[in-house]
Amino acid sequence: MNASKEEGCLILAPMQGLLDPVMRRLLTDIGGYNECVTEFVRITHTLHSRATWRRHMPEIDHGCRTHAGTPCTLQLLGSDPDNMAANAQAAVAAGAQKIDLNFGCPAPTVNKHQGGAILLREPERIRRIVSTVRQRLPENIPLTAKMRLGYEDGSRALECAQAIAQGGASALAVHARTKIEGYRPPAHWEQIAPIRQALSIPVIANGDVFSLADYLAIRRTSGCQDVMLGRGAVITPDLARQIQRHNQGLLPQPAGFADYLVWIRRFFQLCREHAGDTPYLAARLKQWLGMMKTAHPQAAHLFTQLRPLTCPQQIEQLLDNYQPQPE
């Protein structure tokens, strides 16, 4: 990490179905991040091949860095310690340089198969997973983890966090909600503080950081230096850059929608390079604008025009000819 202790680190969160390789590239190109984390790779009974690792993390072919040079961490999700460890070893053999373990995914299908946040009911099981993976990884490969405050409630949050630290993780990101709460506001930033105080490893605060003011508030409330950005990073693509500038003593200089339009066009091009003229193009662009429009009126206007379109050529024509309204 290049950031000073006072500035802290900004990490782009692993959000399944949203922060895929294309979005990671775009957001880290815009700048402000010290690190990013992949969507999770599901670990069951299969030992994944290098092709699977490359599909989830194409950055593996470039020294585990994005196009902008931002370090990229590979995230694994599963519940069997031996399978998790074997796949972590295979990922490292394929080129992964840092592994993160997911103990926070709230998806019902994932939880039904004993993955993600459901494990927060079993701190000792979490400790065994982390410990087994840590013991079998080379010493030079960092191992981190991400968790929520709990499944039904936060009563075992500290116990789970301590299990992760005792297992040998070198850092822990905490999303300040339970599984049951999903993404409903508010995030309980104050509940991260006891975890940070109890652990000797760095704790990274996460949840409901949509603005520079939120960033300052989560740091103040949690006491954490390092912050992970998720939905806020997607809704406001230059949020990390604004935060970085503030931390450097500069004016944040938020981007205008003319800049957003450049990024939207670039995202469309990158999606096309990634998947060709498939339904993925329209779906991903609508997904992004659908989130962005909650905070940016001009994105809402563009989304309305884009919504009925499915043909890549029609979408390209709309984007090429769209003129943002004066701000």
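The values are calculated or read from the model by the stated rules, or taken from the named source; none is laboratory data. Just so we're clear, the structure is a prediction, and the values are computed from it rather than from any experiment. Here Cβ is always computed from backbone atoms with ideal geometry, including for glycine, and neighbour counts include all displayed protein chains. The protein model used for the area step is the full one, side chains on, heavy atoms only, and it has no ligands, DNA or RNA in it. Shrake-Rupley method; radii C 1.70, N 1.55, O 1.52, S 1.80 Å.
Just a few scattered comments:
- Members of region 33-57 found to be open to solvent by 50 Å² or more (accessible area, probe 1.4 Å) and either in contact with a helix residue (DSSP H, G or I) (Cβ under 6 Å, 6 or more places away or on another chain) or of a type in the set (A, V, I, L, M) (or both), listed by number: LEU47, ARG50, ALA51, ARG54
- Scanning region 300-323 for residues that are surrounded by fewer than 16 Cβ atoms within 10 Å (Cβ to Cβ) and assigned to a loop (DSSP other than H, G, I, E, B) gives ARG307, PRO308, THR310, CYS311, TYR322, GLN323.
- Meets criteria (in contact with a Lys or Arg (Cβ under 9 Å, 6 or more places away or on another chain), closer than 24 Å to ASN83 by Cα, part of a helix (DSSP H, G or I) and modelled with pLDDT of 95 or more) for GLN162: yes
- Among the candidates ASP29, ASP20, residue that is on the phi < 0 side of the Ramachandran plot, modelled with pLDDT of 95 or more and open to solvent by 50 Å² or more (accessible area, probe 1.4 Å): ASP29
- Residue satisfying all of: in region 256-273; open to solvent by 20 Å² or more (accessible area, probe 1.4 Å) and free of Cβ contacts under 8 Å to residues at least 60 places away in the same chain; nearest to GLY32 (Cα to Cα) among these: ASP259
- For region 166-188, the set of residues classified as over 19 Å from GLY116 (Cβ atoms) and either modelled with pLDDT under 95 or open to solvent by 40 Å² or more (accessible area, probe 1.4 Å) (or both) consists of GLN166, SER170, PRO185, PRO186, listed by residue number.
- Residues located in region 75-92, provided they are of a type in the set (A, V, I, L, M, F, W, C), open to solvent by 10 Å² or more (accessible area, probe 1.4 Å) and in contact with a helix residue (DSSP H, G or I) (Cβ under 8 Å, 6 or more places away or on another chain): ALA86, ALA90
- Residue within region 274-282 that is under 20 Å from THR236 (Cβ atoms), open to solvent by 30 Å² or more (accessible area, probe 1.4 Å) and in a helix (DSSP H, G or I) present: no
- Checking each residue in region 142-155 for being outside any strand (DSSP E or B), crowded, with 18+ Cβ neighbours inside 10 Å and not aromatic (Phe, Trp, Tyr) picks out only GLY154.
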